[in-house]
Amino acid sequence: MISLAAAASTGEAVQFWLLGIVAVVGALGTILMKRAVHSALSLAGTMIVLAVFYLANGAYFLGVVQIVVYTGAIMMLFLFVVMLVGVTAADSLKETLKGQRWLAAGLGLGFGILLIAGIGNASLKEFNGLGEANAGGNVQGLAALIFTKYVFAFEVTGALLITAAVGAMVLTHRERTERARTQREQSEARVREGKQVPPLPAPGVYARHNAVDIPGLLPDGTPSELTVNPTLRARGQIRDVSRESLAELKALERRSEDWLGRGSGEQPEAPPSGGASPKEHKEGAKK
Amino acid sequence: MENLIALLVAAPLVGAALLLCGGKRLDRTGHWLGTLFAAASFAVGVALFADMLGRSADHRALHQHLFTWIPVGGFRADVAFQLDQLSMTFVLLITGVGSLIHVYSIGYMEHDERRRRFFGYLNLFLAAMLLLVLADNYLLLYVGWEGVGLASYLLIGFWQHKPSAATAAKKAFLVNRVGDMGLSIAIMLMFTTFGTFAFGPVLASTGATSEGKLTAIGLMLLLAACGKSAQVPLQSWLGDAMEGPTPVSALIHAATMVTAGVYLITRSGAIFNAAPDAQTAVVAVGAVTLLFGAIVGCAKDDIKKALAGSTMSQIGYMILAAGLGPIGYAFAIMHLVTHGFFKAGLFLGAGSVMHGMNDEVDMRRYGGLRKYMPVTFVTFGLGYLAIIGFPGLSGFFSKDKIIEAAFAKGGTEGWILGGAALLGAAITAFYMTRVMLMTFFGEERWRKAPTPSPDQPSVEPAAETRGEYAPPHPHESPKVMTLPMIVLAIGSVFAGGLFSLNEAFVKWLEPVTSFAHGHPPVSATTVTAATIAVLLLGVGVAWLMYGRRPVPSLAPRGSLLTRAARRDLLQDDFNDIVFVRGGGHLTTTLVQLDHTLVDGAVNGTAASMGGLSGLLRQLQSGFVRSYAVQMLGGAAVLVAATLLMRGV
Amino acid sequence: MNPVYYLYLAALLFTIGAAGVLIRRNAIVVFMCIELMLNACNLAFVTFSRLHGNLDGQIIAFFTMVVAAAEVVVGLAIIVTIFRTRHTASVDDASLMKL
Amino acid sequence: MSFPLLTATAVVPAIGAIATAALPAAKRTAAKWLALLFSLLTFALALVVAFRFDPGAKGPFQLTESHAWIRDFGVRYELGVDGIAVALIALTALLVPFVILAGWHDADTLEEATPNRRWRPTQGFFALILAVEAMVVISFEATDVFLFYIFFEAMLIPMYFLIGGFGDRAGADGEERSAGRRSQAAVKFLLYNLAGGLIMLAAVIGLYAVTADQLGTGTFSLTQIVDARAAGQLDLGTTTERLLFLGFFFAFAVKAPLWPLHTWLPGAMSESTAPVAVLITAVVDKVGTFAMLRFCLQLFPQASSWATPVILILALISIVYGALLAVAQRDIKRLIAYASISHFGFIILGIFAMTSQGQGGATLYMVNHGISTAALMLVAGFLISRRGSRLIADFGGVQKVAPMLAGTFLIGGLATLSLPGLAPFVSEFLVLVGTFSRHPVIGVIATLGIVLAALYVLVLYQRTMTGPVKSEVSAMPDLRARELVVVAPLIALLLFLGVYPKPLTDLVNPAVEHTLSVVDKKDPKPTAQVNAVPGSGRTGHAASDQDVEAAK
């Protein structure tokens, strides 16, 4: 493997400038993206870039760990939680706390400037690279340190991890506190509340579409909200087919007229319900 | 023998304790008990007097040291008595007149349910007064000094249910306190100057210190004397003090207590001799007061207030004499004694008149009383003759000597003082004649109902508020009251003559108060002649004004001076405006300041603390992200600080 | 090219992460931003270890990762619990610290 | 070191407090008697202390006890008394039984007001009084600064509850209003004194730091510090000494209200019941003036003489100012409170006059003022409880219906205006002379206090006692037996100490001399040499001989 030089090579420089920009963009994406999912993905990107930088800095072990643990485990954990929680959690970026955003921006800027100033006038001219440190192999070097100098911290970290695992379990595992309500009670409650006593209507229209993401149509041809999963609606992943179906209906009638050879005295107008369909149907349709 | 001295003070003191703590069971016998103790004290005094006469002039002073009172560092006060000729004179006067007045009071206070307490107070007064004149150091004298003040406070305000009486008592005590301030400062000065304040060392070593210090001491003593002896400018309390029962006025505010100032100055003669400026102040005060009192006496229609004015003026004579130094001391004391006799007599007479006239004090409601109360008339008349200095009576001898001494002061000062004294004699003759005429001669004005009068507060308002008017039935007082009057009358006739038989009195006092013959610019006979002349003049004018034509039962508006004099020459108005009102405003404003400023400052800090914390509380919005902002701010500050530390 | 640029990059990322923590209200995103800051620190550590020529920096970064992992686990668990009870993941809604 | 007498004197009332508090709610009367018994026991012990104490003995402190307490900070449990302390302990132990007797029924109203037996007002009241007594006594005895500080502060807690919890139902307006004002007054009392105490704490720590720095081992022991200073081992620099002095003095000036810091006193005294007011002004406040004598002067002599002019001026202001405000008061108890402020001005004046007369007088003043104020305040309390009002205007002509009440009130008043023959005169005159001999002008101005005192006392007496009988007071009963038992001994004591203060002065003089020697100040010598050769003075030959030694 490459014995790392004190000063970085031009190749590294190119790599730095390219990936550095990617990292920054990823970071910005993390904080600017509207949906949590996108934030998570852009963060993952940044982390991968950082992993590359670790490798470039001679921290081979860390680079790998970064990819495996962070991008592999932690970010996936994030994504899971987002799936679990965050479908509706596309929070609008408009600020609620007065002046919070300006304060944040100002402070962030000032802080960054301070840090950079600090680094700037730190005397970091000469690099005595990791050549001899990594002589016996990076992993071996780290292991030597961990199991000698930092062994106590290491043990403590182990304890910490155990505790964290147990803690997570305790937090998320819900104990059933009250007796489960029997079916009878549930039905009685439903009747009492007077909402949707029978089971929810099935999706799909006239059994021609049998996908879950297609709302069933009411007799007048308008789609019914009840027939589709609210999560899908929240994600806006609903296909609305009411218009086509109405058109088909009309075509059918015309054909039947022609077939019956009757003069077109009165033609039933297409009901305007298609225009009156809820908003998310439209954008759902756009997707 | 000297062990008896303490007895002088102890007897009345025990009496006072018995009567005041004795409770109801002593109500019936209380007055006799009180009189007994006073008489006992008098007896002891006489015994000591006899013993003293038995010894040669220079060894007459007795001394008794009871115990050390306050020993702190160099400061040492003893409870010790000193009985020399001067003290002896006072002891006899006080106990003698005191006993007589006790007897008189038995009759006068007969119908008062608090008579026992009255006698208790009288005994207390005697004890304090004797302590005053027997003390051998200024601090013990101060105790007696305040003690008589307390007794006079209690006795003036004896009829406490009358607000006027209570107010008068308070006023007397307060004005006296001002004087006491002078005395205490004088004592402090003595302590810092001589390291002691016992008569012996202080008076013996006046030469050892600067005249300035002595002048200061003298002036302070003078202030004290002014307070106690009702001299200008502290004289205002004496008139109101007449609210007290008449025996009190006779004993305390005529014969004994008010003369304490004269005693103080005479006793401190050594100091004044060494401080001429102080002496000048003394004679000035004396001269002014003797005129002041006389003028006030002319205008008053209240018989007791008129007599009070005369007391003031007579004491003015004494102070004047005492201020003249060795040529005057003896005569001051002599006049003091004779005055004690006749003024006490006059007051008792006035009391007896009031006793017969349902406590009417307005002389304009008297008139022609001589038929109804002959004994009172005679005794009062003798007292009257004595005080105006009718040749042959005691007042003549003492006052004449004082006038001589005043002239003998020498220089223009002498002329001024002598002139003042003469003028005073004339006015004295005038107002005393006025009192005499208005009371015992003329028509009987008390027969018809009084008409309400706007500017005469001294008229008893009760009379006209009641619709029907029952004229009083003037009658002679019982024996127990007339007897003391007779005795005093005798005293006021012969005392003066007795004293001046080949200057017996002067010789008697000479070892204590050094004596020097004064040499008036004009011969003594001329002075005497002048005195008699002005005396006749005064009497004549008074007769023209009040004897010839009838006295209006309602006071005429009178001249400006008269009206001023009725109001004590505006002294009270001055006091009222300056001290009472001004003081009132001062205190109220101070209360405001205390509340707003001093207290407000504290409360203000507390309030501002509250406001500040309220402001900080706003930061705790409870929103995690605002806390995060604050954290980041803190971090930024830390980084900046570190960078600055490293000197960026 | 001077490796010190890595430090500048780290600073930049850190700042962005901090700003994100302050701006975003979605607890999960806030968490991501924190992770971003941690990573920035790690980068700095690694760079320093190269700079000093010993591995301690990397060790620290390593521990940081472990701790970050633990923290993420617990934190996400907390978020899930909160979401279960309050049906929201906005940090502003959890303003119960105020009296 | 035989039987720990001083500890016993402080512990007995403490035990009494606990015992009284422990009594069940039903045993109210028993609690009263128990408290009285323990206070009398304390008094007996105090008398034993007074007799075991030998004024002539060497050394500043006697009956000393000394045990290590907190070794790490050099804090020792050190007790010891000088004459001043003995006098004040005796005063405290003497007054508390009277306070208890006078407050015999003060808690009863609360008993009726709060039917629940959970908290027991009677037991609490008397237990708190005894607790205060214990703390006061031990702070008089402590010669270890830290020990003193602890009890100096702890005193506030029972006082706070006494002021805030038990009031006389005689406010100008309704009970709940006056309850509000009462708790406010209590809080004010607490805050003022705590502020002072905190500053003092800083000074105490500073003192420890300095001693630790210079003596090697830090100490709080008064005697040790004084000796070290005398031996020259200890020299806290000018600035440090002054700062420390100010820290101590501030606390004491708050406790013994000195002019700008006085505003807590009138509220506290007028809102609390008369016995508690007596406890405040006659016992607790004395700790402040006492501590000025024992700690301020002896620990920081140079600083004391440095601050003397300012303090004298402040004392002068409080004399005149307190008297003037007393004149203008409409509330009897507030009037007495302001009078006390004026008197405390005299005490402080005497202390910082730095003459044997001044300091001796100041010490006597503490005792006498305690007795006289107790007499006046307690009688006023009886008066107020009869009429149910504190306002002077509500009284009038009491003298006619209740002569004994009026008489005792007058005597108390006369004592307050320091009439000769009553105890306060001796002390006041000594203070004046002592001040005058060093600062004539201040002495003269202070003499104004005499006149003003006469003014407010006599005005009070005239408005309440004399004049026509008001209809409200016409049915007022005279003093009862219990009340007479309370007042009569105090008056007797006033008379006795006024005529024969020698026992007290003999007790105090050596202590004062010692204090002055520490501050190293000499009495100013008389300017004129007295030549009292027999015969030279015409008056009193027999007098002169012992006047000669009086002059020396």
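The values are calculated or read from the model by the stated rules, or taken from the named source; none is laboratory data. Fair warning: this is a prediction, and the values are worked out from it, not measured in the lab. Note that we place each Cβ from the backbone using ideal geometry, even for glycine, and neighbour counts take in every protein chain shown.
Count, please, the residues in region D:505-530 that happen to be more than 9 Å from chain B (Cβ to nearest Cβ) and free of Cβ contacts under 8 Å to residues at least 24 places away in the same chain.
2
Please work out which residue is farthest from the other protein chains (Cβ to nearest Cβ), limiting yourself to region B:204-226 and to residues that are over 25 Å from the mean Cα position of the chain (by Cα) and touching a residue at least 40 places away in the same chain (Cβ under 8 Å).
Step by step, filter region B:204-226, then rank; the result is B:E211.
Filter region B:143-177 down to residues that are surrounded by fewer than 24 Cβ atoms within 10 Å (Cβ to Cβ) and among the hydroxyl-bearing types (S, T, Y) and give me whichever is farthest from the other protein chains (Cβ to nearest Cβ).
Filtering first and then ranking leaves B:S164.
Of the conditions (1) farther than 26 Å from B:G518 by Cβ; (2) touching a residue at least 60 places away in the same chain (Cβ under 8 Å); (3) out of contact with any strand residue (DSSP E or B) (no Cβ under 6 Å at 6 or more places or on another chain); (4) crowded, with 21+ Cβ neighbours inside 10 Å, B:I388 clears all except one; give me its number.
Of the numbered conditions (1) farther than 26 Å from B:G518 by Cβ; (2) touching a residue at least 60 places away in the same chain (Cβ under 8 Å); (3) out of contact with any strand residue (DSSP E or B) (no Cβ under 6 Å at 6 or more places or on another chain); (4) crowded, with 21+ Cβ neighbours inside 10 Å, the odd one out for B:I388 is (1).
Going through B:R60, B:R76, B:R28 one at a time, which residue ends up being closer than 26 Å to D:P420 by Cα and among the charged types (D, E, K, R)?
B:R76 is the lone residue from the list that is closer than 26 Å to D:P420 by Cα and among the charged types (D, E, K, R).
Could you please find all residues in region B:115-142 being touching a Gly at 6+ places or on another chain (Cβ under 7 Å), within 10 Å of another protein chain (Cβ to nearest Cβ) and not hydrophobic (A, V, I, L, M, F, W, C)?
B:D136
Among the numbered conditions (1) modelled with pLDDT under 90; (2) assigned to a helix (DSSP H, G or I); (3) within 14 Å of another protein chain (Cβ to nearest Cβ), tell me where D:R294 comes up short.
With respect to (1) modelled with pLDDT under 90; (2) assigned to a helix (DSSP H, G or I); (3) within 14 Å of another protein chain (Cβ to nearest Cβ), D:R294 is out only on (3).
Answer yes or no: is there a residue in region B:99-114 that is part of a helix (DSSP H, G or I) and either within 11 Å of chain D (Cβ to nearest Cβ) or within 16 Å of the chain's Cα centre (by Cα) (or both).
Here is the first cut: in region B:99-114, the ones part of a helix (DSSP H, G or I) are B:99-108.
Narrowing further to those that are either within 11 Å of chain D (Cβ to nearest Cβ) or within 16 Å of the chain's Cα centre (by Cα) (or both): none.
No - not one qualifying residue is present in region B:99-114.
Could you pull out the residue among B:L593, B:L537, B:L561 that is within 30 Å of D:L325 (Cβ to Cβ) and either aliphatic (A, V, I, L, M) or exposed (fewer than 14 other Cβ atoms within 10 Å of the Cβ) (or both)?
None of the other options fit; the residue is B:L593.
Show me the helices (runs of 4 or more DSSP H) found entirely inside region B:338-455 where at least 3 residues are closer than 16 Å to B:H475 by Cα.
B:374-387
Only one of (1) within 14 Å of chain B (Cβ to nearest Cβ); (2) buried (at least 18 other Cβ atoms within 10 Å of the Cβ); (3) in a helix (DSSP H, G or I) is not met by C:T88, so which one is it?
(3)
Have a look at A:A56, A:A51 and point out the one that is free of Cβ contacts under 8 Å to residues at least 60 places away in the same chain, facing chain C (nearest Cβ under 10 Å) and under 15 Å from C:M37 (Cα atoms).
Of A:A56, A:A51, the one residue that is free of Cβ contacts under 8 Å to residues at least 60 places away in the same chain, facing chain C (nearest Cβ under 10 Å) and under 15 Å from C:M37 (Cα atoms) is A:A51.
For region D:71-94, enumerate the residues that are more than 15 Å from the chain's Cα centre (by Cα) and either surrounded by 19 or more Cβ atoms within 10 Å (Cβ to Cβ) or free of Cβ contacts under 8 Å to residues at least 12 places away in the same chain (or both).
Scanning region D:71-94 gives D:R71, D:D72, D:G74, D:V75, D:R76, D:E78, D:L79, D:G80, D:V81, D:D82, D:G83.
For region B:69-87, which residues satisfy the criterion of being over 30 Å from D:Q359 (Cα atoms), more than 9 Å from every other protein chain (Cβ to nearest Cβ) and in contact with a strand residue (DSSP E or B) (Cβ under 9 Å, 6 or more places away or on another chain)?
Hits for region B:69-87 are B:L83, B:S87.
Yes or no, residue by residue, for (1) modelled with pLDDT of 85 or more; (2) in contact with a helix residue (DSSP H, G or I) (Cβ under 6 Å, 6 or more places away or on another chain); (3) aromatic (F, W, Y):
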| position | (1), (2), (3) |
| --- | --- |
| A:L160 | yes, yes, no |
| A:A164 | yes, yes, no |
| A:T172 | no, yes, no |
| A:A202 | no, no, no |
| A:H209 | no, no, no |
| A:L218 | no, no, no |
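From the list B:V598, B:V624, B:V629, pick out the single residue that is surrounded by 14 or more Cβ atoms within 10 Å (Cβ to Cβ) and within 30 Å of D:W264 (Cβ to Cβ).
B:V598
Which numbered condition in (1) within 31 Å of the chain's Cα centre (by Cα); (2) in a helix (DSSP H, G or I) is the only one that B:A555 fails?
If we test B:A555 against (1) within 31 Å of the chain's Cα centre (by Cα); (2) in a helix (DSSP H, G or I), just (2) comes out false.
State all residues of region A:32-48 that are within 16 Å of C:L38 (Cα to Cα) and of a type in the set (A, V, I, L, M, F, W, C); if no residue qualifies, say none.
Across region A:32-48, the qualifying residues are A:A40, A:L43, A:A44, A:M47, A:I48.
Being more than 10 Å from C:I59 (Cβ to Cβ) and buried (at least 18 other Cβ atoms within 10 Å of the Cβ) is the filter; apply it to region A:132-156 and report the residue that is nearest to the other protein chains (Cβ to nearest Cβ).
Filtering region A:132-156 for residues that are more than 10 Å from C:I59 (Cβ to Cβ) and buried (at least 18 other Cβ atoms within 10 Å of the Cβ), the one nearest to the other protein chains (Cβ to nearest Cβ) comes out as A:A133.
Looking at region D:148-162, I want the residues that are free of Cβ contacts under 8 Å to residues at least 12 places away in the same chain and have a partner that is outside any helix (DSSP H, G or I) with Cβ atoms under 9 Å, at least 6 apart or on another chain. Which pairs are those?
Short answer, once both residue conditions are applied: D:I150/D:A142.
If you check D:G467, D:G443, D:G421, D:G413, which single one turns out to be at the interface with chain B (Cβ under 9 Å from one of its Cβ atoms) and closer than 14 Å to D:I491 by Cβ?
After ruling out the rest, the residue left standing is D:G421.
Condition first: out of contact with any Phe, Trp or Tyr (no Cβ under 7 Å at 6 or more places or on another chain) and of a type in the set (S, T, Y). Now tell me which residues in region B:407-442 satisfy that.
Passing the criteria: B:T412, B:T428, B:Y431.
Only one of these is part of a helix (DSSP H, G or I) and more than 24 Å from B:A135 (Cα to Cα): B:A281, B:A254. Name it.
B:A281
For region B:43-65, does any single residue satisfy the condition of being hydroxyl-bearing (S, T, Y) and modelled with pLDDT of 85 or more?
Within region B:43-65, none of the residues are hydroxyl-bearing (S, T, Y) and modelled with pLDDT of 85 or more.
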